[in-house]
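Chemist: Attaching a single structure in structure tokens format; questions to follow.
Nothing in this text is a laboratory measurement; each read-out follows from the coordinates by a stated rule. This structure is a prediction, so every number in the text was calculated from the model and none was measured. So basically every Cβ, Gly included, is an ideal-geometry build from the backbone, and we count neighbours across all protein chains shown.
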Number of protein chains: 2
Amino acid sequence: MKNAQRTKKQGTDELQRGVLERLATVFKLLSEPTRLAILHELRNRSQSVGELVATLGTSQANVSKQLRILFDHSILGRKQSGNQVFYEILEPGVFGLCAEVCRLLNRRAENNGHIQYDI
Amino acid sequence: MKNAQRTKKQGTDELQRGVLERLATVFKLLSEPTRLAILHELRNRSQSVGELVATLGTSQANVSKQLRILFDHSILGRKQSGNQVFYEILEPGVFGLCAEVCRLLNRRAENNGHIQYDI
DNA sequence: ATTCTAAATCGCTAATTAACCATATACCGT
DNA sequence: ACGGTATATGGTTAATTAGCGATTTAGAAT
């Protein structure tokens, strides 16, 4: 129990607002298709902003902004290389979350007779 | 391969926008603290709107609205009982998602020397 | 029917934000 | 220094939405 002092032990029923807010923040990061597309693109290899812009169907400004959001939350890391900036996944846990949502959606889809995705 | 015809098989690299949007929609549902609080409250037992209003610190109108959103997405079911309406979890998978986010946050928190949550 | 209670809906405001265009910054080659 | 390329930022717009108070709808009980 090393961290006992700093550990907040909450009752079974009452859950602190702050905890819910942190959870919500993570979900919110993943609640935009463009950001999910960025994560998916970076899954297997780091890429420069330009590469991402070429792949995703949106403006350079928008890609840059979404990258910043993910970077600011430490989901992505960045490495400058000369003229370009390469982004990489720092938090692979996000893919586990996506996979779990896919399973959830597929479970539902089965009831309608078709399988839909795999990320 | 029963569902082959209706199954969309996508290439390794290109991911349909629609899939990302559906994923994003699920994450968005979970991206508000009030909705997470509702889910947490309902985890162990169905509750009426009134009970939820008494527990959560927000207006009846707001609770009702958030319940509707979760209901419309089939995360919750409702059962009328006389004067009251009871809501219940229809999609327990959401708790798995919350737990995974907690683990993700805890992994990060460990680097700062404290454990934070458990939902 | 009337009253009481429970839940849903309406109208509104304030805050957030994705996406765009235009501009600025920064780095490289010449 | 200068031009070219890559990325970031500023400013704006349009859309979404959480939350509130007020009202409406619906059921229960008298």
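Chemist: Just the projected area, averaged over all directions, of the convex hull on the alpha carbon atoms of segment A:20-91: how many nm²?
Modeler: Numbers: hull surface 18.4 nm².
In nm², the orientation-averaged hull projection of segment A:20-91 is 4.6.
Chemist: I would also like to ask the following. Can you tell me which of A:98-109, B:31-42 comes out highest on packing, and rank the rest after it, using the mean Cβ neighbours within 10 Å?
Modeler: Working: A:98-109: 17.1, B:31-42: 21.0.
In descending order of packing, they fall as B:31-42, A:98-109.
Chemist: Can you give the mean number of other chain Cβ atoms that lie within 10 Å of the Cβ atoms in peptide B:92-98? Please report the intermediate quantities before stating the final value.
Modeler: Numbers: counts 1, 7, 3, 0, 5, 8, 4.
Shielding by partners across B:92-98 averages 4.
Chemist: Treating only the Cβ atoms of Lys and Arg (+1) and Asp and Glu (-1) as charged, compute the dipole magnitude of segment A:20-91 about its Cα centre; round to the nearest 20 debye.
Modeler: Values: 9 positive and 7 negative charges, 13 e Å.
My answer is approximately 60 debye.
Chemist: Further, regarding this structure: Relative contact order of segment B:19-91: what whole-number percent is it, with Cα pairs under 8 angstrom and at least 6 residues apart? Before the final figure, lay out the partial values.
Modeler: Working: 72 pairs, mean separation 23.0, N = 73.
Once normalised by length, the contact order is 32 percent.
Chemist: Quick one: 3J(HN,Hα) in Hz for segment A:41-50, Karplus 6.51/-1.76/1.60 with θ = phi - 60°, rounded, Gly and Pro as x.
Modeler: My calculation for segment A:41-50 gives 5, 8, 3, 9, 7, 4, 9, 7, 4, x Hz in order.
Chemist: Then there's this: Under 5 Å between amide hydrogens, which residues at least 5 positions from A:Leu76 or on another chain qualify, with H placed 1.01 Å from N in the peptide plane?
Modeler: A:Phe71, A:Leu90
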